[in-house]
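> Have a look at this one before I ask anything.
The values are calculated or read from the model by the stated rules, or taken from the named source; none is laboratory data. Please read these numbers as outputs of a predicted model, since none were measured by experiment. Every residue, glycine as well, gets a Cβ built from its backbone with ideal geometry; the counts of neighbours run over all protein chains shown. Note: accessible area is taken over every heavy atom of the protein model, side chains too, but ligands, DNA and RNA are not part of it. Shrake-Rupley method; radii C 1.70, N 1.55, O 1.52, S 1.80 Å.
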Amino acid sequence: MKRLLTLLPWLVGLCALAITVALALHEQRNQQQTLRSSFDLGLRQTANRVEQRIASYELVLRGTQGLFRAAGAIDQAAFSAYVDALLAGADFAGLQAIGHAQAAGGEGDNLQAPVTLVAPAIGQNLQALAVDLNGEPARRAALLQSRDSGSIAITRKLRLLTDRGPGAQDGFMMVLPLYRPGQPLATVQQRRRHHSGWVFALFRMGDLMSSLYGEGMPGLEVRIHDGVDLRDDNLMYQSGNHPAQTPRFEAHEYIGFAGHTWTLGVRTQPDFDALHNLDAPRIIVVSGLGVSLLLALLTHQLVGGRERARALAQRMTRELRDSEERYRRIVETADEGIWMCDADQRTSFVNPKALQMLGYSVEALQAMPLTQFLEEPGRAEVAAHLAQRTQGRARHHELQFRRADGSGLWVSMSLNPIADADGRYAGALAMFTDITEAHEAEARRAQLESQLRESQKMEAIGTLAGGIAHDFNNILAAILGNAALARERLAPDDPAARHLAQISQAGSHARNLVQQIVAFGRRQPLARVPQPLAPLVEASITLLRATLPASVDLQCELPAEPLWARVDGNQLQQVLMNLCTNAWHALPGGQGRIDVGLASVALDADAVQALGPLRPGMHARLWVGDSGSGMDAATRARIFEPFFTTKPVGQGTGLGLSVVHGIVSAHDGAITVHSAPGEGSRFDVYLPQVAPPVQPLPSGERPAVAVLPGRGERVLYLDDDPVVVTLAEALLQRAGYAVRTFGDAREAVAALRAEPTAFDLVITDYNMPELSGLDVVQAVRALNPALPVVISSGYLSEDIRLAARQAGVRQLLQKEYTAEQLVPLVQQVLAAQDGR
């Protein structure tokens, strides 16, 4: 055994060395795989970027083809302006020129393709004018392929007409055919017969690749051959220097487009390895050697010190037994409470710290059970643990002691059964630390988290109100619009006209209720404007009457003269709603009386000093009183604190009155409360009065706009609700507009893409599946930037309004006002577009 212990350090060192070698080999394999992955990624990225750049060139050329299809004959100035606008702001490096060649001379060998237009019309590009593209075999093959197939074609490697002299690069030409408009093009013979010319684009290969990677990819050499044959005469582009040594990796990938193939070749260069840290295996070997040596030395020390440790342990055991009295004194002076019980669970020892924490004397605790001084449920937990009489298993408890003065003491207790010299159960040792402050802090944190969750629920009400308003306003738009159309078709004395009028009146009332709900629920910046207060109070009372149960008697007292104040209407309505909701909750059994009133009051210097941050003068006093249970002085002192509530858990957030106080303060006002137990409560809000503006428009009234009949203007209307689509189509057709409706956003965008100038106005819903209204706006801007767009929605939040302004939307339409505002709004937008 002793010999084996002597060899143990050598065995440990050899094992560590073996592990080190294995780790180094594994890391080397991982590095090789990482290098290969990096190389493959570079190859794929290069191929993808070349394909994407060629695709973008094709789009540019197809845009030029579309210009000739739409406009017919184009002169040089117009062609140059179009190309300049097409290329403005985009990265089309490598694109040397875009031009037009006229088909002349008939078929066969007589066919000619003289260049008639070229842009940009500068420098060497002008040399291409009047050059016959058909005079060179590579260009001729591409021209004939494009003419006969009706699609795009690309030449083989060639030198460009516009690229002569020093610095010339290899390049290629891309062509698209042009045909006479309105002719059949189903067969090759038909396409040859009606062929009128080509649009073409010339590209420099070196500039194209430089725009993708600058002077080249770090550590990689890129080569592009025309076709699949890798001869040097097919080489179109090469980056970097060709290394003499064999590369670490080399691969080829084929890029195909327009019936043509390029071969992309990528190989590593000497600096490829330098870009990756390959020192890890060496580091592992060096570190492993050091660790192996250290482990061997440590094992040697452990083996040599084994006997010394055993002798030391025995000596320490004897010292521990001999110093029992000394350790007792240590226990008595410890800063933790220590409580010992015998096998019958009677108290045998309590240290002075425990006596100080609990406030008892030694005599009061001696021979008493520990559980007698614990509160539930900790008492049952400790009793069950002690009853198990399990040795050697310590358990931790968080429980509450009952102090001598009756107060509670929260502690963290470690309870450990102890055994006598014979190993039999002899009692238990409890050590505990005062955690009362931490426990109370945790309870406060849990309460705050609960209150936070409640506040988040309240915040979600605003979002829910917007969603409900959107769907409900769609329904109201259909009801009100179709009712208006039906009334127009009936004679004034028709019996059904009266019923339709009632439908319209009820729909308008529902629309106003939805607007009030949205105004109450949504969050928006404070927008204070001078306005009369009575209409705001009346609107809130209307909503409250529909909300409160019939057992609540809601009374409202308003002055005869208008009282004006500079307020945010939505915020003031929220104040009134919160105060009335609090008053309702204060009514015993939900039954009683709530009084709401508004009056003018003059406050002098003494009055404003008592109320708070007000100035002497005329103020509007808004009050809400109830016949509820009232509040005592302690509750009144904290009533405006955030998260303070007297309601049971789950019935209040404690935010209502704090929000009211914040809104009133933001309006430079003051709020007071008068209440006593059993006498109800009354909240008074004071707001500074202001003079009414000169000749104000009535609330909600807009200047009349003369509605002129349409002149056949073309309107595209998009909405996923078929009822709203039918209504809008009827309204616009009746007004003299040519309407084309869509229920699917992608179909509408496809129609615009097919005919970008076929419409004078686009009206789109905001909330739709797959594409939103803003997505449609972006598509319209890309296809026809001058085409005006109007967005319609059942709920227009501030975020939607801001996004619409940034996207260039001309007007916004609340969908529930479709019947009244759609036609005037269309006439207004079209008039602004025409400069009328």
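> With a sphere of radius 14 Å drawn around the Cβ of Glu27, what net charge do the other residues whose Cβ falls strictly inside it have (Lys, Arg +1; Asp, Glu -1)?
+1
> For a distance above 17 Å, tell me the whole-number percent of Cα pairs in region 537-651 that qualify.
Value for region 537-651: 64 percent of Cα pairs lie more than 17 Å apart.
> Keeping every protein chain present and rolling a 1.4 Å probe, give me the accessible area per residue for the chain in Å².
I get 53 Å² per residue for the chain.
> How would Tyr82, Tyr795, Tyr737 rank on accessible area, largest to smallest, probe 1.4 Å?
Final ranking, largest accessible area leading: Tyr82, Tyr795, Tyr737.
> Here's another thing I want to ask about it. Only helices at least 30 Å long along their axis, Cα-based, and averaging -1.0 or more on Kyte-Doolittle count here, so list those DSSP H runs from the chain.
The qualifying helices are 2-71, 280-322, 436-489, 495-521.
> Still on this structure: So between Ser348 and Arg62, what do we pick up on full extension, going 0.36 nm a residue minus the alpha carbon distance?
Stretched fully, the Ser348-Arg62 segment lengthens by 93.1 nm.
> Next question, about the same structure. Using every pair of alpha-carbon atoms in the chain, split the distances into 20 Å bins beginning at 0 and state the percent of pairs per bin, rounded to integers.
Cα pair-distance distribution for the chain, in percent: 10, 21, 22, 25, 18, 4, 0.
> Multiply the residue gap between Ile435 and Ala637 by 0.36 nm, knock off their C-alpha separation, and tell me the result in nm, one decimal place.
Gain on stretching Ile435 to Ala637: 69.7 nm.
> How large is the Kirkwood hydrodynamic radius of region 22-71, counting all unique pairs of alpha carbons, in Å?
The answer is 14.2 Å.
> Hey, what number do you get for the chain at 222 nm if only DSSP H runs of n ≥ 4 count, each worth -39500 (n - 2.57), divided across all residues, to the nearest 500?
Mean residue ellipticity, 222 nm, calculated: -15500 deg cm²/dmol.
> Pairs of alpha-carbon atoms within less than 8 angstrom and 6+ residues apart define the contacts here; what relative contact order does the chain have, in percent?
7
> Quick one: accessible surface of Lys353, probe radius 1.4 Å, all protein chains present, in square angstrom to the nearest 10.
Surface open to solvent at Lys353 totals about 50 Å².
> At a probe radius of 1.4 Å, what is the per-residue accessible area of Ile594, in Å² to the nearest 10?
Rounded to the nearest 10, the figure is 0 Å².
> Report the per residue volume, in Å³, of the convex hull enclosing the C-alpha atoms of region 1-111.
Cα convex hull per residue, to the nearest whole number: 208 Å³.
> I would also like to ask the following. Going by accessible area, probe 1.4 Å, with all protein chains left in place, what is the ranking of His260, His661, largest first?
His661, His260
> Continuing with this model, one more query. Can you give the Kirkwood hydrodynamic radius for region 252-400, in Å, rounded to one decimal and based on Cα pairs?
23.6
> Could you order Asp721, Asp344 by accessible surface area, starting with the largest, using a probe radius of 1.4 Å?
Asp344, Asp721
> For His300, what accessible surface area do you get with a 1.4 Å probe? Give it in Å², rounded to 10.
Accessible area, nearest 10 Å²: 110 Å².
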